[in-house]
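The values are calculated or read from the model by the stated rules, or taken from the named source; none is laboratory data. Computed from a predicted model, the values in this text were never measured in an experiment. FYI the Cβ positions are ideal-geometry reconstructions off the backbone, even for glycines, and counts take in every protein chain you see. Heads up: the accessible areas ignore ligands, DNA and RNA and are worked out on the full protein's heavy atoms, side chains in. Shrake-Rupley method; radii C 1.70, N 1.55, O 1.52, S 1.80 Å.
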Amino acid sequence: VGEPHDNTARVMKTLQYSYAIRPDHHRMFRDETNAMDHLSASPYVVNSFGLCGVSSLMDFARVGNFKRLAKKHKFTAVEKIKVATQVARMVADIHYGGDDGGMGGGDYIGKRKKPTGTASTTPPPPLMTIADLSCGQFIYNDNTQTYQIHDMNLIRMMKVHSDTGRSCQFRSAPSAGSVRSPEEYWEKDHTEKVDIWALGNVLHYIITGDYAFNTHDVSESKIRRYVRKGKTPPSFAEIEKRGDGIEIALLDIIKRIRQVDPMDRPSALEVRAYLEGKLFNLTGSNDATVDADSIAKRPSVSNSS
């Protein structure tokens, strides 16, 4: 689809024709479009330009997602920290509406009060939870030179308890797949911390080109059991053995993320601050942009690059 005034490319996203349309599909598309509209100032979220039923109009991406680039080991070590920083910024923007949790910065949606009895550095309850984050949901924007999330149709608009000021928990449908958090496999109530666990999965994929546990090696039922018990993935030792400082820095935050108890996981703001600090120490800049065209055209690089 081209814009009539300048022929800027847009794409129409719609429900697969083979699916029977249900009422919750309308809600999912509506919530996703509303979230994208509110987050239009974020360079890490795709812009949406309209919604009708179960179809929406959004930015067109020419290059595609970073999953296949990571799978083919196309990223250099510096590019890994840059893409990881982009993803962490995206999650923080969605959780806190670009509000930085009341710690300064922009204000895309509005502010929420911090829960009573918490430290001054504690962020307020999140505004939204993605609830279904994985590597294939990011496409590259040529104009911003950033990867942007384009698929958020399970996004949750978070409610807050009127007395405590804390987030109300929610429960998803029984979770299939091999990349879910322990609380999702336990089918317990959960919070925005499911996104933090998923963020750790994405960071691991950026390093290795695969998830921490994958069905190539073990069955899905075993993966569920390993995750619920907090088993350390064998890839952790392999990353440490390679000795790449940037990969080890990424692994350190992944270890903090992969806590069975959601309360022990860092917030999106903490993950973002950690990665931005590593990026600045490495490059002397907060610039996390990458040239996906050049990355896609180059041969695979070694893990130590």
Looking at ALA84, ALA70, which is the one that is within 16 Å of LEU250 (Cβ to Cβ), touching an Asp or Glu at 6+ places or on another chain (Cβ under 9 Å) and open to solvent by less than 10 Å² (accessible area, probe 1.4 Å)?
-> ALA70
Among the candidates THR122, THR144, THR118, which residue alone is part of a loop (DSSP other than H, G, I, E, B), of a type in the set (S, T, N, Q) and at pLDDT 85 or above?
-> THR144
Taking LEU275, is it surrounded by 14 or more Cβ atoms within 10 Å (Cβ to Cβ) and at pLDDT 95 or above?
-> yes
The lone condition ALA288 fails out of (1) in a helix (DSSP H, G or I); (2) aliphatic (A, V, I, L, M); (3) closer than 24 Å to PRO43 by Cβ is (1)
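Matching residues to (1) closer than 28 Å to ILE139 by Cα; (2) buried (at least 18 other Cβ atoms within 10 Å of the Cβ):
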residue	(1), (2)
ARG242	no, no
ILE248	yes, no
ASP261	no, no
LEU269	yes, yes
ASP293	yes, no
SER300	yes, no
Here the residues within the range 192-219 that are among the β-branched types (Val, Ile, Thr) and open to solvent by less than 30 Å² (accessible area, probe 1.4 Å) are VAL194, ILE196, VAL202, ILE206, ILE207
In the set MET152, MET128, MET158, which member is in contact (Cβ under 8 Å) with a residue 12 or more places away in the chain, under 22 Å from PHE60 (Cβ atoms) and of a type in the set (A, V, I, L, M)?
-> MET152
Cβ-Cβ under 6 Å pairs, at least 6 apart or on other chains, the range 220-239 side over 10 Å from SER178 (Cα atoms) and open to solvent by less than 50 Å² (accessible area, probe 1.4 Å), far side assigned to a helix (DSSP H, G or I) and charged (D, E, K, R) = ILE239/GLU247
Do we find that GLU238 is of a type in the set (D, E, K, R) and within 28 Å of GLY64 (Cα to Cα) in this structure?
-> no
